Structure formats: structure tokens, C-alpha cells
Amino acid sequence: MEPISVFDMLKVGIGPSSSHTLGPWRAAEKFCKELQTNGYTDKVFSIQVHLYGSLALTGIGHGTDIAILLGLCGHDPELIPVEEVQLTPERIHATHQLNLACSHPIHFDPQKHIHFHFDKRLDAHANGMSIEAYDQEENELLNCTYYSVGGGFIVKEGEVEKESIVQLPYPIAHARELAKYCADQNASIWEIVLENEKKWHSEKEIRNKLLYIWSVMKEAMYRGCHTEGVLPGGLNVSRRAASLHKGLLLPCEYTDADSWLKCLIRCDFKFNKVLKWIGCFAMAVNEENANFGRIVTAPTNGASGVIPAVLMYYICFSDKEIGEEEIIRFLLVAGEIGSLFKKGATISAAMGGCQAEIGVSSAMAAAALAEGMGASVGQALMAAEIAMEHHLGLTCDPIGGLVQVPCIERNSMGAIKAITAANIALESDPEKARVHLDECITTMWHTALDMNTKYKETSQGGLAANISIKVPEC
């Protein structure tokens with residue numbers, strides 16, 4: 001089993017979709033690097049892109065075409081100025097000129113050179129794409145097929161996966177292995193995960209990278225809570241987090257995300273308002289995600305609001321003071337739980353429906369919150385199981401292929417379920433549980449295999465098939 005780092009599960013990226021935006025973006029980047037490695041970049045005269053399966057069916061709504069343009073231009077989703085995410089594709093559409101790998105201008109008309117094969121799916125995965133490069137004489141220089149397998153991960157067809165040189169002190173493929181390591185070492189989950197992460201990074205680097213992840217989450221919530229308007233794509237979905245935030249926050253002066261957070265921590269809220277705040281935090285992130293904003297894939301873009309919302313609940317509404325150390329531990333636990341689902345099932349909605357996105361993020365958040373609130377290892381794993389158990393079979397049916405309806409609200413529901421799961425687990429004896437996390441992950445995968453394809457991010461079933469809304473861009 002290939003080792004998976006916490007930073008594979010928690011990645012900074014651009015919305016709206018990890019598998020349909022971030023994955024194709026990374027694939028286009030990888031293609032450019034292969035051109036450069038082979039000395040082909042300056043010889044390229046034209047490029048053709050082919051999208052299959054779910055990438056074709058919901059590609060426009062998910063910004064797949066935009067992501068491919070940005071990837072071919074050599075932009076990095078972690079570093080690109082957010083305003084350029086829309087401006088660069090607009091320039092390419094207007095001029096039909098693309099600066100390949102930031103160095104070689106070519107003629108490129110997205111309407112003619114990006115092909116959506118709505119009725120064809122590649123065998124290996126629902127999210128398949130190929131990119132072809134030709135010289136001026138129309139000789140093929142390079143032809144690569146990639147699969148976007150969820151969470152921003154990509155696999156190139158025919159590429160043999162290199163054996164990892166990283167040998168973890170605690171290799172983990174199943175929850176029971178994690179529990180055994182914790183018992184043998186008398187350690188919490190975060191301590192075991194930290195020891196594994198030290199094989200990739202120093203402890204200082206791990207700390208700084210996790211705090212950066214948190215800062216991106218925090219900034220996304222802050223922007224979402226202070227931005228009004230209508231989301232792009234044609235559904236005319238109004239942003240709600242800002243108005244909800246305005247009605248909840250008590251009078252307080254602040255100038256940035258950090259001073260805003262201090263205002264929140266000082267406030268005392270009744271149960272009903274706490275519920276509203278959780279929904280506000282989750283929707284704020286996913287409204288940013290739907291607006292091509294910078295968020296953290298956790299473990300996917302479509303589910304990127306759950307973990308920040310639960311972490312904010314932990315920080316703002318806990319009985320104890322929550323500082324950087326607690327935030328770091330929370331993210332370590334969340335990342336490890338996510339990796340268990342990727343290894344044992346899937347985190348791709350195109351393969352498993354929304355249970356693979358909202359369900360997994362809810363399980364990640366539940367375990368992290370439970371351990372942060374003093375749960376035993378067994379109780380933390382139980383919290384993850386409870387959260388996923390009540391997302392089993394959840395379909396992915398984005399209306400118009402846009403990560404807006406029902407996706408934004410689902411993040412709020414996933415966050416609430418995570419908190420409920422953590423509280424139930426804290427009051428339970430895991431030794432008496434009839435279902436273990438490992439069995440729940442297996443069940444999720446079997447459910448995914450049994451699920452009709454139209455409920456797997458195709459916009460051909462569920463709400464997407466029953467709401468008659470015309471989306472011009474699609």
C-alpha cells in the first residue's frame with residue numbers, strides 16, 4: 001500500500017472540484033512537464049484535449065475546461081492569484097492564444113480544441129482525459145491519458161507506480177492497525193500520525209505546513225462570510241453565508257481573519273445560534289469554492305467546508321482554550337482518517353457518489369473533534385464510523401454540473417453530523433459497538449460499486465434530473 005501523507009489529503013487548491021478542476025489542472029501541468037522533459041515544448045503547434053465520462057458530463061459546470069487552460073499555461077493552483085483564475089481563460093477565449101508552459105505561445109481555441117465526449121467513458125475510471133500535442137506538420141509529439149481519481153490525485157495510464165522509498169514506522173492500511181499501534185505505544189492517534197509524517201518532513205515543517213493549511217481554511221471562511229452576490233455558472237444561486245454572518249455576529253471591530261476569529265471566540269451563543277454558525281462557516285467555504293476561490297481540498301473541493309466548520313466549532317465553542325497545538329493535532333487526525341477511506345474505498349464522487357466526499361469529510365472531522373474533546377482512540381474511530389454510517393448511499397447529483405445545489409448545503413449537514421457523531425462516541429463504549437470503522441469503509445465501497453452510474457457525479461440522476469433549470473454555460 002502506497003504511503004499517504006496528511007498533506008496528500010489536505011491540499012491547497014482552487015475550486016470548485018478536486019476531481020474535475022484540481023485533478024485535470026494537475027494533469028495538464030504534468031503534460032507540460034513531459035513536453036519539457038522530452039524537448040518538445042518549442043515544437044508544439046497545436047494541442048487537442050479529450051474529456052470522457054464524468055469529466056465530460058459535468059466538466060463545464062465544474063470548471064474542467066478552465067482548469068485545463070490554466071494547467072497548460074503552467075500556473076500552479078496553490079500560487080496563482082485568485083483573480084487570474086477567471087482572467088487567463090477569458091483572454092484565451094478572446095485571443096485564441098495560449099502561452100504553453102508560460103514560454104511558448106500557440107493557437108488554441110477552447111471551443112474547438114477541448115472535446116467533451118458525453119457518451120463515452122474510459123474503462124479505468126469515470127474521470128478520464130487525454131491530451132495530444134502535434135507539430136506544424138501534424139506529427140504527434142506526445143499523447144497521454146490521465147485519470148483524476150479524487151481529491152486532486154491523478155494517475156497516468158501506462159505509468160508504473162514507483163515503489164515508495166518512504167518506510168513508515170507505523171504503516172497503516174486499516175483502522176484496526178492504527179488502533180493497535182496506539183495501544184502498543186500508549187499514544188493518541190495524532191502522535192502516531194506525527195511519527196509517520198516525520199519520514200517526509202521535519203517536525204517544524206509539519207507544524208508550519210499544517211498552520212498554513214489552517215490559515216487557508218480560515219481565510220476562505222472569512223472571505224465567504226463577507227462576500228455577497230450570485231455564484232457563477234447560470235443557476236443564479238445567491239450567496240447566503242454573508243447575510244447569515246451579519247445576523248449572527250455581535251457588535252465587534254475587526255480588520256482581518258485573525259481579529260475576526262478573536263471576536264467569535266469572545267461571543268457566547270445559545271444552541272440554536274451555534275447551529276447557525278456551523279452552517280455559516282461551512283457554506284462560506286463552499287461558496288468560495290463554487291466561485292473559483294482558494295480553499296483546502298479536505299479531502300475534496302466539494303466537501304471542503306466540513307472540516308473548517310467543525311474546526312471552527314472546536315475553536316469558538318469549546319469549554320477550553322484552543323491554540324495552535326490543538327489545531328495541528330486536529331488536522332493530523334483528520335488527514336489520517338481520510339487516508340483510510342482512500343486506501344479502502346474511494347474519495348471520488350464519480351466512483352462512489354457523495355458518500356465519498358461529504359461522508360468521508362464528516363468522518364474525518366468527527367474523529368478529529370472527538371480526540372480533541374478527550375475521546376479514547378476507540379471512541380475517535382467510533383466517531384468516524386458513526387459519521388460515515390449515516391452518509392452511506394448518499395448520491396452525487398449536482399444540478400447543472402455545478403458544485404452548488406445541493407453541494408453547498410450538504411457541507412453544513414456533514415459538519416453537523418460530524419459533531420453529533422463525536423458527541424455520541426464520547427458517551428459510548430467502543431467495545432460494545434456492533435460496527436467497526438473498517439467494516440464501514442468496506443460497506444461504503446460495496447455501496448459505491450452497487451450504485452447506479454447516474455448517481456455518481458454525472459448530473460443524470462437525482463435532483464439534477466428532476467429540477468428543470470436551464471444552465472446556459474452547460
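Data table
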read-out	value
Between helix 358-372 and the chain: long-axis angle, C-alpha atoms, 0 to 90°, nearest 10	40 degrees
Residues listed by number, the range 313-357, amide nitrogen under 13 Å from T442 label point at 7 Å toward C-beta	344-345
Least to most buried among D119, D65, D319, D42 (fewest other Cβ within 10 Å first)	D319, D119, D42, D65
Given charges at beta-carbon only (K, R positive; D, E negative), |dipole| of the range 175-466 in Debye	640 debye
Folded to 0 to 90 degrees: helix 23-37 orientation relative to the chain principal axis, Cα	50 degrees
Inter-centroid distance (Cα atoms) of the range 161-229 relative to the range 291-345, Å	10 Å
Point-to-point label distance, N272-F118, nm (Cα→Cβ direction, 7 Å offset)	4.6 nm
Loop-exposed GluC sites (Glu not before Pro) per DSSP, neighbour cap 15 Cβ within 10 angstrom, longest uninterrupted part of the chain	322-426
Leading residue at positive end of dipole, the range 372-461 (Cβ point charges), from A384, T395, I419	T395
Local electrostatic count, G74, Cβ distance below 11 Å [Lys/Arg +1, Asp/Glu -1]	-1
Across K11/K33; K180/K417; K180/K262, pairs whose alpha-carbon gap is larger than 30 Å	K180/K262
Fraction of beta bridges assigned by DSSP in the range 17-156 that are antiparallel (%, nearest 5)	85 percent
Cross-link partners of K320 among aspartates and glutamates (Cα-Cα below 16 Å; sequence separation of 8 or more within a chain)	D268, E371
Sites E84 and F45, calculated FRET efficiency, Cβ-Cβ separation with R0 30 Å, nearest 0.05	0.70
Modelled label reach - M1, point 7 Å along Cα→Cβ, the range 336-375 residues with backbone N closer than 13 Å	336-346
Extreme residue, positive dipole direction of the chain, given options P308, V6, A183 (C-beta unit charges)	P308
Using alpha-carbon coordinates, inclination of helix 407-426 to the longest axis of the chain, degrees	30 degrees
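Read-outs: derived from the displayed coordinates by stated rules, not from any lab. The shown structure was predicted, so the numbers you read here are calculated from the model rather than taken from an experiment. Ideal geometry is used to build each Cβ from the backbone, glycine not excepted, and the neighbour counts take in all protein chains shown.
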